[in-house]
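The structure appears below as structure tokens.
The values are calculated or read from the model by the stated rules, or taken from the named source; none is laboratory data. The model shown is predicted, which means the values in this text are computed figures rather than measured ones. With ideal geometry, Cβ positions are generated from the backbone for all residues, glycine too; neighbour counts draw on all protein chains shown. Note: accessible area is taken over every heavy atom of the protein model, side chains too, but ligands, DNA and RNA are not part of it. Shrake-Rupley method; radii C 1.70, N 1.55, O 1.52, S 1.80 Å.
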Amino acid sequence: MYKKYIFKRLKIIRKCSCNNKLKFMLLIAMITPISHPVSALPLHQVSILGRTTNVTSNISTADNEHYAYVNHNNTQPDNLLPKNYLVSDVTVSKQTLQFSSRASYLNWLSVQYIWEDIVFPGLLRIGDRDPIVHEIHSRLILLGDSDEQLHLSNIYTAEIATAVRHFQRRHGLTADAVIGPDTLKWLNLNPLRRAELLSQNMEEKIHFMANLGDRYLLVNIPAYELLLSDHGEIALRSRVIVGKPKKPTPILTSEIKSIVINPSWRVPRSILEDDLLPKVQKNGDFFTQSNFKVFDYQNQKIEKSAEEWQQLANGQFPYRLEQMPGTNNALGRYKLYFPNDFSVYLHDTTNTNLFNNTNRALSSGCIRIEKVDELADWIANSLVDNKKLWSHLKFTRKTTKWFPLNDVLPVHLVYWTAWIDDRGLSQYRDDIYALQQ
């Protein structure tokens with residue numbers, strides 16, 4: 001009952017016409033009864049390290065008067081959780097406590113410290129020297145990615161690099177310890193904006209997850225990640241590829257009712273015109289080489305010479321295209337269909353190298369799954385009745401077969417750019433579709 005009341009108040013705050021800063025202050029006031037001592041954050045609980053807005057005389061200062069330091073091992077949320085002695089009859093999840101504690105701490109940082117942009121024109125690597133190294137390390141400690149003491153040094157050390165990698169992983173970047181524009185962009189993000197993003201997304205996530213069953217597929221689009229939950233436990237995690245900003249993957253909820261092994265691919269008109277016809281203009285044999293068949297809209301197969309295809313590709317192409325099953329089929333081995341108004345689905349891919357990219361907004365809207373074999377095996381074992389036929393067709397590449405599921409598998413495509421993970425760490429991702437400006 002109280003939990004519903006919390007979210008009712010959250011929605012009221014979200015809908016009010018006040019500015020974002022005031023909304024956030026109202027949110028902090030709302031969660032204070034749950035995390036009472038956290039919002040105060042006495043100095044012995046946190047690192048005080050960086051360019052402070054008010055360096056007081058009772059804090060031991062470094063040689064540079066703009067910096068102050070109090071020894072503290074970690075500023076990630078676990079050590080800031082409300083203690084058991086809090087007077088409260090409210091049952092709150094650990095993740096909610098972690099979120100409220102982290103948001104309170106970030107709000108405190110925004111008031112306590114100057115957070116001007118760090119500017120560096122090139123790249124910083126281990127062993128490089130620059131005065132901004134000191135400022136970077138300061139922020140890494142304040143944000144909880146380093147428990148090393150701050151040294152008045154301009155050398156980019158291996159110890160700082162370890163913290164940078166941790167920070168990069170929390171922000172979906174390549175964890176190579178090279179400090180460039182993408183890493184600096186996240187280091188420059190003001191703590192107040194961090195808290196606002198975390199509050200906005202965690203409010204939605206906690207409410208959304210509270211209404212899910214024990215079995216579902218969930219794809220967080222900005223995280224490029226798929227989760228399979230079975231009996232309340234995570235049975236599979238997989239990297240995914242999602243839609244480009246110009247062809248975004250939609251946010252929706254549906255149900256998977258069938259899985260196709262060795263699917264053919266009926267090419268959407270937009271992909272035909274934007275992606276495939278330019279290739280035919282350069283190579284008239286593209287359809288044959290890529291195992292495409294061309295049909296008119298009465299489903300009659302059309303045959304043309306390479307020169308004729310090139311000529312047709314330069315004008316209004318009057319046919320539809322279908323790629324046959326096989327090793328070069330764009331959908332790969334499996335397609336998971338679910339009803340929706342956007343003609344998107346989950347599928348395999350032949351271009352597996354793309355899963356190594358940190359930016360995986362690369363498709364035309366559908367979702368490509370890295371661990372598709374593991375997902376397909378789980379579905380076959382859990383939801384497919386004709387397991388004998390499945391096992392037989394699994395080792396072929398040309399026979400297409402739809403397998404109805406004996407129960408629906410809910411699928412949720414969500415859009416959360418900030419959250420608290422299973423380890424209690426705050427995670428942030430790029431707003432790839434500019435939905436949270």
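For the stretch 237-285, filtering for residues that are aliphatic (A, V, I, L, M) and in a loop (DSSP other than H, G, I, E, B) leaves 2.
Of all the residues in the stretch 319-348, those that are among the hydrophobic types (A, V, I, L, M, F, W, C), part of a loop (DSSP other than H, G, I, E, B) and under 15 Å from PRO268 (Cα atoms) number 5.
I'd like to check something: does the stretch 200-212 contain any residue that is open to solvent by less than 10 Å² (accessible area, probe 1.4 Å), not hydroxyl-bearing (Ser, Thr, Tyr) and not in a helix (DSSP H, G or I)? Taking every residue of the stretch 200-212 in turn, none turns out to be open to solvent by less than 10 Å² (accessible area, probe 1.4 Å), not hydroxyl-bearing (Ser, Thr, Tyr) and not in a helix (DSSP H, G or I).
Just one of (1) in contact with a strand residue (DSSP E or B) (Cβ under 6 Å, 6 or more places away or on another chain); (2) surrounded by fewer than 15 Cβ atoms within 10 Å (Cβ to Cβ) fails for ASP117. It is (1).
Taking only the stretch 304-318 into account, find how many residues are open to solvent by 50 Å² or more (accessible area, probe 1.4 Å), touching a helix residue (DSSP H, G or I) at 6+ places or on another chain (Cβ under 8 Å) and in a loop (DSSP other than H, G, I, E, B). Matching residues across the stretch 304-318 total 3.
Every residue, every condition in (1) farther than 24 Å from ARG129 by Cα; (2) of a type in the set (Ser, Thr, Tyr); (3) open to solvent by less than 50 Å² (accessible area, probe 1.4 Å); (4) modelled with pLDDT of 95 or more, yes or no:
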residue	(1), (2), (3), (4)
HIS151	no, no, no, no
THR157	no, yes, yes, yes
ALA163	no, no, yes, yes
HIS171	yes, no, yes, yes
THR174	no, yes, no, yes
PRO181	no, no, no, yes
LEU187	no, no, yes, yes
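Residue selection: LYS301 satisfies the criterion of being in contact with a strand residue (DSSP E or B) (Cβ under 9 Å, 6 or more places away or on another chain), open to solvent by 60 Å² or more (accessible area, probe 1.4 Å) and without any contact (Cβ under 8 Å) to a residue 60 or more places away in the chain. Applying the condition of being open to solvent by less than 20 Å² (accessible area, probe 1.4 Å) and among the small types (Gly, Ala, Ser) to the stretch 417-437 and asking which residue is nearest to TYR224 (Cα to Cα) yields ALA418. Condition first: of a type in the set (A, V, I, L, M, F, W, C) and within 27 Å of ASN262 (Cβ to Cβ). Now tell me which residues in the stretch 291-312 satisfy that. Once the filter is applied, which keeps residues that are of a type in the set (A, V, I, L, M, F, W, C) and within 27 Å of ASN262 (Cβ to Cβ), the stretch 291-312 yields PHE292, VAL294, PHE295, ILE302, TRP309.
Taking the criterion of being modelled with pLDDT of 50 or more and over 23 Å from the mean Cα position of the chain (by Cα), the residues of the stretch 70-103 that qualify are THR91, VAL92.
In the set (1) buried (at least 18 other Cβ atoms within 10 Å of the Cβ); (2) among the hydrophobic types (A, V, I, L, M, F, W, C); (3) out of contact with any Asp or Glu (no Cβ under 7 Å at 6 or more places or on another chain); (4) not in a loop (DSSP other than H, G, I, E, B), ILE234 fails one condition alone, (1).
Residues in the stretch 237-295 that are within 13 Å of SER363 (Cβ to Cβ) and of a type in the set (Ser, Thr, Tyr): THR249, SER270. In the stretch 122-140, the residues that are open to solvent by 50 Å² or more (accessible area, probe 1.4 Å) reach residues that are hydrophobic (A, V, I, L, M, F, W, C) and not in a strand (DSSP E or B) with C-beta atoms within less than 7 angstrom, at least six apart or across chains, in these pairs: LEU123/VAL178; ARG125/VAL178; ILE126/ALA158; ILE126/ALA161; ILE126/ALA177. When the stretch 417-437 is filtered for residues that are in a loop (DSSP other than H, G, I, E, B) and touching a residue at least 24 places away in the same chain (Cβ under 8 Å), the ones remaining, listed by number, are THR417, GLY424, LEU425, ARG429, ASP430, ASP431, ILE432, TYR433, ALA434, GLN436. Close Cβ contacts (under 7 Å, 6 or more residues apart or on different chains) running from residues in the stretch 341-364 that are within 21 Å of THR174 (Cβ to Cβ) to residues that are surrounded by fewer than 17 Cβ atoms within 10 Å (Cβ to Cβ) and β-branched (Val, Ile, Thr) comprise THR358/THR174.
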